[in-house]
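S.K.: Got a structure for you, questions after.
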Amino acid sequence: MAVKVRIPTPLQRLTQGKEEVEGKAGTVMALIQDLDARYPGIGERISEGGKVRRFVNIYVNEEDIRFLQAEQTAVKDDDEVSIVPAIAGGGKRRE
């Protein structure tokens, strides 16, 4: 068994176009390191210095890790992890 990881479109070029990949159970940070070992470059786009980048949201079974144990949140076999880059923009429309 493995952890299912949903990859956002901007990072799929690093996963040979795959929308979903498998990773090892452990913690979120260990999962990111595992993914980076198999898909070089993905780790630096998601994390820096052992922390998830500010503009990246990670969900374990639809729970935001910021409200759990952040990078130390446990992930186990059959969990689903979603990596969601933050989207900037919006604001008042100029007329």
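Readers should treat all values here as calculations from the given coordinates under stated rules, not as data from a laboratory. Everything numeric here is computed off the predicted structure, so don't read it as measured data. Note that we place each Cβ from the backbone using ideal geometry, even for glycine, and neighbour counts take in every protein chain shown.
S.K.: Just give me the residues in the range 31-79 being touching a residue at least 40 places away in the same chain (Cβ under 8 Å) and among the aliphatic types (A, V, I, L, M), in sequence order.
M.R.: Passing the criteria: L31, A70, A74, V75.
S.K.: Give the range 20-57 a look and list any residue that's surrounded by fewer than 16 Cβ atoms within 10 Å (Cβ to Cβ), among the charged types (D, E, K, R) and assigned to a helix (DSSP H, G or I), or say none.
M.R.: R38, E44
S.K.: Still on this structure: State which residue is nearest to the chain's Cα centre (by Cα) when the search covers only the range 1-11 and only residues that are over 14 Å from N61 (Cα atoms) and surrounded by 16 or more Cβ atoms within 10 Å (Cβ to Cβ).
M.R.: Ranking the qualifying residues of the range 1-11, first place goes to I7.
S.K.: Among the numbered conditions (1) assigned to a strand (DSSP E or B); (2) more than 17 Å from D77 (Cα to Cα), tell me where G17 comes up short.
M.R.: (1)
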